[in-house]
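Some notes on the structure that comes next.
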Amino acid sequence: MTQIPHSEAKINSKNSSLRILVVDDDAEIRSFLKDNLSGFGKVTEATNGEEAMRCVMEKTPDLIISDVVMPCMDGLTLLKTLKSNVDTNHIPVILLSLKNDVSDRMAGWDKGADGYIGKPFIVEELQAMVDNLIDNRLRLKGKFSGTQQQDGKIEAPELKGNDRMLIDKIVNQINDHLEDPNLNVGKLCQEVGLSRAHLNRKMKELFGLTPSEFIRNVRLRKACELLRQSDVDISQIAYSVGFSSQPHFSTAFKHFTGISPTEYRQKKSDEAPQMT
């Protein structure tokens, strides 16, 4: 007999435009999950891993919730397939299973699961996990689109597995060639060994930015750091972060921060503690 979890209330999620794929060979479980996750957005269903992969290829979901024991392709095989593919390894995957021993959970974590919940489960716990996973993904997208400050070299954000290795390579290449105004998407693709289309797709998935926007924003975040040093000329800063002219730098900087480099420097100077 199918064990359907009890739900006190549907969640009103702040992430209400998601695409969630529910994968389970039990129709009652799929229906229950669809009903209780509808507050997040559009929920589609698949009965096994093979059907799920076809769904993913047709329309990439924002998150996948999958049973472990299924015919044709089980949840662990589905997880391994998704995480070993550069086009799908960014998709968060939550596993649901009657197998809830430590060894079973470890099998899921080892293959790259982003969450693991044993059946029967408390639906509010699942809803909270979905919200947190999506929030983390959105924070990654925003990490290189604002003016958050870092000291020293610009560092890659916290990612998992293949994503982490790829972004490490990209950020290292940008850091190593920060002063080179000729560093562009074509050169970056050559250095990291990816096609332009693949790099563009991956950067959009992870950060919501094109590769050229990513390069520009890394340059400008470094400029923000250098502008805190009052003894460094603004034109010198512009060239040191790869801009070929100060007017171009000033225009890009104002678009990025909302204020000019001079205003930014003055603002940070006013905020600095005064020596007494």
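None of the figures in this text is laboratory data; all of them are computed from the coordinates on show. Predicted model, so just to flag it, every value in this text is computed and none were measured. Positions of Cβ are generated from backbone atoms using ideal geometry, with glycine treated the same way; all protein chains shown enter the neighbour counts.
Starting from the amide H of LEU18, placed 1.01 Å from N in the peptide plane, find each other amide H under 5 Å away whose residue is 5 or more places distant or on another chain.
GLY41, LYS42
Once you've got the Cα coordinates, tell me which of LYS204/LYS267; LYS169/LYS204; LYS34/LYS202; LYS42/LYS204 are over 23 Å apart. Don't skip to the answer; put the middle values down first.
Working: LYS204/LYS267 32 Å; LYS169/LYS204 17 Å; LYS34/LYS202 28 Å; LYS42/LYS204 21 Å.
From the list (LYS204/LYS267; LYS169/LYS204; LYS34/LYS202; LYS42/LYS204), the Cα-Cα distance tops 23 Å for LYS204/LYS267; LYS34/LYS202.
At VAL69 and LYS254, where each label point lies 7 Å from the Cα along Cα→Cβ, what is the point-to-point distance in nanometres?
Result: 6.6 nm between the two label points.
Around SER195, with a cut-off of 11 angstrom between Cβ atoms, what is the net charge of the other residues, counting Lys and Arg +1 and Asp and Glu -1? Before the final figure, lay out the partial values.
Details: positive: ARG196, ARG201, LYS202; negative: none.
Charge balance in the 11 Å sphere: +3.
Using the alpha carbons of the stretch 161-271, what is the convex hull volume per residue in cubic angstrom, as a whole number?
Details: hull volume 11.9 nm³, N = 111.
In the stretch 161-271, the Cα convex hull volume per residue is 107 Å³.
What is the gain in length, in nm to one decimal, between SER245 and GLU28 on full extension, counting 0.36 nm per residue of separation less the C-alpha to C-alpha distance?
On the way: separation 217, 0.36 × 217 = 78.12 nm, distance 6.32 nm.
This chain segment gains 71.8 nm when fully extended.
If you average the alpha carbon positions of the stretch 190-244 and of the stretch 16-87, how far apart do those two centres end up, in angstrom?
Each part reduced to its Cα centre gives a spacing of 36 Å.
Enumerate the amide H contacts of LEU209 below 5 Å, restricted to partners 5 or more residues apart or on another chain; note that Pro and chain-start residues carry no placed amide H.
Here LYS204 satisfy the definition.
Considering the options SER245, LEU227, ASN172, tell which one lies farthest towards the positive end of the dipole of the stretch 161-271, charges being +1 on Lys and Arg and -1 on Asp and Glu at the Cβ, about the Cα centre.
ASN172
Want the number for GLU179 to ASP35: 0.36 nm per residue separation, take away the alpha-carbon distance, what's left?
Numbers: separation 144, 0.36 × 144 = 51.84 nm, distance 5.32 nm.
46.5 nm is the gain from fully extending GLU179 to ASP35.
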